[in-house]
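Notes follow once the structure below has been shown.
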Amino acid sequence: MNANRKRMAWIAALVVVLALVPALAGSFTVSLLNDIGIGALVALGLVLLTGVGGATSFGQAAFVGIAAYATAWLTTTQGMSPWIGLLFALLLTGLSALAIGMLTLRLGGHFLPLSTIAWGLSIAMLFGNVDALGRHTGLSNIPALQIAGWSLADPRAMYYLIWVVVGLACLFSHNLLQSRPGRAIRGLRGGATLLASVGADAYRVRLSLFVTAALFAGLAGWLYAHMNRFVSPSPFDVRASIEYLLMAVAGGLGQLAGALVGAALVLVLKNGLQDVLPMLTQRAGQLEAVAFAALFILLLHFARGGVMGLLRRWTRRRAGTQGASRHDAPPVEPLPHRQLPERGTQVLSVNGAVKRFGGLVAVNDVSFDVKAGEIVGLIGPNGAGKSTMFNLLTCTLPMSAGQVRFLAHDIGGMPQRQVARLGLARTFQHVKLRPHMSLLDNVALGAHSRTRSGILKAGLRLDRTEERQILQEAQRQLDRIGLGDRAHELAGSLPLGTQRILEIARALAADPVLLVLDEPAAGLRRKEKMALGDLLRKLREEGVTILIVEHDMDFVMKLVDRLVVMNFGSKLVEGVPSAVRADERVQAAYLGSVV
Ligand code: ADP
Ligand code: MG
């Protein structure tokens, strides 16, 4: 709370200073601050897209340009109001982002940044070659904005509009990050499988984020056009895009404030260089590019977190580790629960499942059933194909042959996220958590498919009831696994064994019918294992069905109702624990490993 209050004080001070600037500063400072505000708006989109979402765009200036040209064209050649220009600009930017996003966001690795460069180049070229857009001379005589008859032609008036927009955009982004869609965006770096396991579609999350960032750039473009009253192609080329990216990186991709700090840093530095360099050389323009490149390289080497990253490290060192606490808020109505199937009815049925990896048959014609309210153990020596089996029945991997039925659905070939939405929740042998998100947020991600709020609703804070329900549910699941008092700690600070348990809480937040756990007890101490066993038994009593891979035979034998034993990809035997333990084939398979 204290840290929160401190931050509010900082923000209040910043607002006061910014509000006083036009009265105190000269016109040069005001127009520099106008540029900084516009740059910050674009950089804010990049902090979200690149910093939080992990997708690098070298084409952001193109979106600024589309909006600027859109409003410039509409208001000059068509004589329409700049406010209609705003709608038109945002519509055009949003649609272009949607189209370009749909074409490029499925590309993995370096293809996305590369394609954004191509996109940035071609848009700038387009501006320079269309007659209606004034070719290289651009469009001039763009009208100034008017609010209720009050003209914003004066940069000092424009200043207030720009910074109010920047403030609102910061608020929107801040709200967004602490919401259902925000957690999905923050989960993007964890990979598509993590998101799909909670019922989210990584592609759609990334696409909506891409459009959001483009709309921020669009807003900046609209402001730019009506501030300068003139547009030409060069401020929207790839060089400008790189400058925006540099702002985001220099300020700190990890934090929203990084956009403001970075925009200020880059533009002040650029202005300084433009004053100083001509005194030293006649090739100032080229030297400026070199100076910026050097700055970029230095940043990447010494301060990847940017200025805000350094600042944060410094303040954290001074403050020591923050006291963690529970998430305590007044209780709200809980999220609705799923109707669990009646005990004994068939929940899962695997029939002749086969998985080949090239020549290797990892799962070979395996069949078994799981009934509601059972705990079934899947055991076998290392490399027997257990994790692969789990990946098949959760549709994380496509099957080579066979069928899987879950409840009334044939889920073979269904996307993983859809299966998750049906109530099949899982944990991973190789933990998939977001280490820089709190325990609470990690678990709250699990409730994704039970809730609906999107980016707009979250950014405008219209999702608060649902958000409270989600956090309450997440806290309840954390309490259940005994980590309730550490809700606000970072997941990455937990020992690996405990991280596995945290994944169980995330799976439980999805209100599952069937819980699929891959080696949940690995890395736990004896007492923690006992607590885990108690939790799983309690879940069984509540009617949750559980399928578990586990190596600790003692633990498994005491826990499960039935066992399926795999060896070399095939099913060896199936039966109650005592029968399996006595089976000679099982003993032979385990010879040499610890039983
Ligand atoms: P278990 O979980 O029982 O230890 P796995 O299902 O992880 O076994 O692995 C079964 C076999 O399949 C192993 O031989 C493993 O090397 C192989 N395997 C698993 N995943 C892949 C993959 N993605 N590509 C190729 N081979 C794989
Ligand atoms: Mg495994």
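Given the criterion touching a residue at least 40 places away in the same chain (Cβ under 8 Å), part of a loop (DSSP other than H, G, I, E, B) and in the same structural domain as residue 176 (by TED's automatic domain parsing), identify the matching residue among 54, 85, 108.
From the options 54, 85, 108, the qualifying one is 54.
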* **Single residue of 95, 44, 49, 20 found to be exposed (fewer than 14 other Cβ atoms within 10 Å of the Cβ) and under 23 Å from the mean Cα position of the chain (by Cα)** => 95
* **Candidate set from region 527-568 (those that are free of Cβ contacts under 8 Å to residues at least 60 places away in the same chain and among the small types (Gly, Ala, Ser)); member that is farthest from residue 590 (Cα to Cα)** => 531
* To do: Go over the candidates 386, 371, 355 one by one and state the one that is more than 33 Å from the chain's Cα centre (by Cα) and basic (Lys, Arg).
  => 371
* Asked: Here are some residues: 230, 210, 236. Which one is within 30 Å of residue 76 (Cβ to Cβ), in contact with a strand residue (DSSP E or B) (Cβ under 7 Å, 6 or more places away or on another chain) and assigned by TED's automatic domain parsing to the domain that holds residue 292?
  -> 230
* Asked: Does region 94-104 contain any residue that is out of contact with any Leu (no Cβ under 8 Å at 6 or more places or on another chain), modelled with pLDDT of 90 or more and hydroxyl-bearing (Ser, Thr, Tyr)?
  -> yes
* Considering region 534-584 alone, what residues qualify as being within 21 Å of residue 342 (Cα to Cα), among the acidic types (Asp, Glu) and within 16 Å of ligand 2 (Cβ to nearest atom)? -> none
* Asked: Just a yes or no: is a residue in region 429-444 in contact with a strand residue (DSSP E or B) (Cβ under 6 Å, 6 or more places away or on another chain), within 15 Å of ligand 1 (Cβ to nearest atom), in contact (Cβ under 8 Å) with a residue 24 or more places away in the chain and closer than 30 Å to residue 588 by Cβ?
  -> yes
* To do: Please find, within region 346-388, the residue that is farthest from ligand 1 (Cβ to nearest atom) out of those that are modelled with pLDDT of 95 or more and of a type in the set (S, T, N, Q).
  => 346
* Looking only at residues in region 364-422 that are among the charged types (D, E, K, R) and touching a strand residue (DSSP E or B) at 6+ places or on another chain (Cβ under 9 Å), which one is farthest from ligand 2 (Cβ to nearest atom)? -> 410
* Taking the condition in the same structural domain as residue 586 (by TED's automatic domain parsing), in a strand (DSSP E or B) and on the phi > 0 side of the Ramachandran plot, does residue 383 pass? -> no
* Mind listing whichever residues of region 554-582 are assigned to a helix (DSSP H, G or I) and among the basic types (Lys, Arg)? => 558, 581
* Of the criteria (1) within 16 Å of ligand 1 (Cβ to nearest atom); (2) over 30 Å from the mean Cα position of the chain (by Cα); (3) not in a loop (DSSP other than H, G, I, E, B), which one residue 551 fails -> (3)
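How about region 527-556: which of its residues are in contact with a Gly (Cβ under 7 Å, 6 or more places away or on another chain) and over 18 Å from residue 510 (Cα atoms)?
Within region 527-556, the first condition is being in contact with a Gly (Cβ under 7 Å, 6 or more places away or on another chain), and the residues that meet it are 528, 531, 540, 543, 545, 548, 550, 555-556.
If the condition is that a residue be in contact with a Gly (Cβ under 7 Å, 6 or more places away or on another chain) and over 18 Å from residue 510 (Cα atoms), then 528, 531, 550, 555, 556 are the ones that fit.
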* Structure fact -> For region 369-387, pairs from a residue that is in contact (Cβ under 8 Å) with a residue 12 or more places away in the chain and within 17 Å of residue 521 (Cβ to Cβ) to a residue that is in a strand (DSSP E or B) and of a type in the set (Asp, Glu), with Cβ under 6 Å and 6 or more apart or across chains, are 387/518
* Asked: Residue check, residue 277 against (1) surrounded by 19 or more Cβ atoms within 10 Å (Cβ to Cβ); (2) touching a Gly at 6+ places or on another chain (Cβ under 9 Å), all met but one. Which one?
  -> (1)
* Identify the single condition in (1) touching a residue at least 24 places away in the same chain (Cβ under 8 Å); (2) of a type in the set (A, V, I, L, M); (3) not in a strand (DSSP E or B) that residue 404 does not satisfy, given that it satisfies every other one. => (3)
* Structure fact -> Taking region 527-543 and keeping residues modelled with pLDDT of 95 or more and assigned to a loop (DSSP other than H, G, I, E, B) leaves none
* Matching residues in region 445-477 - criterion: being of a type in the set (A, V, I, L, M, F, W, C), over 18 Å from residue 202 (Cβ atoms) and in contact (Cβ under 8 Å) with a residue 60 or more places away in the chain -> 460, 470, 471, 474
* Give region 504-540 a look and list any residue that's crowded, with 24+ Cβ neighbours inside 10 Å, away from ligand 1 (no atom under 16 Å from the Cβ) and among the charged types (D, E, K, R), or say none. => 506
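The values are calculated or read from the model by the stated rules, or taken from the named source; none is laboratory data. For clarity, every value in this text was computed on a predicted model and none was experimentally measured. Methodologically, a virtual Cβ is constructed for each residue, glycine included, from the backbone with ideal geometry; neighbour enumeration extends over all protein chains shown.
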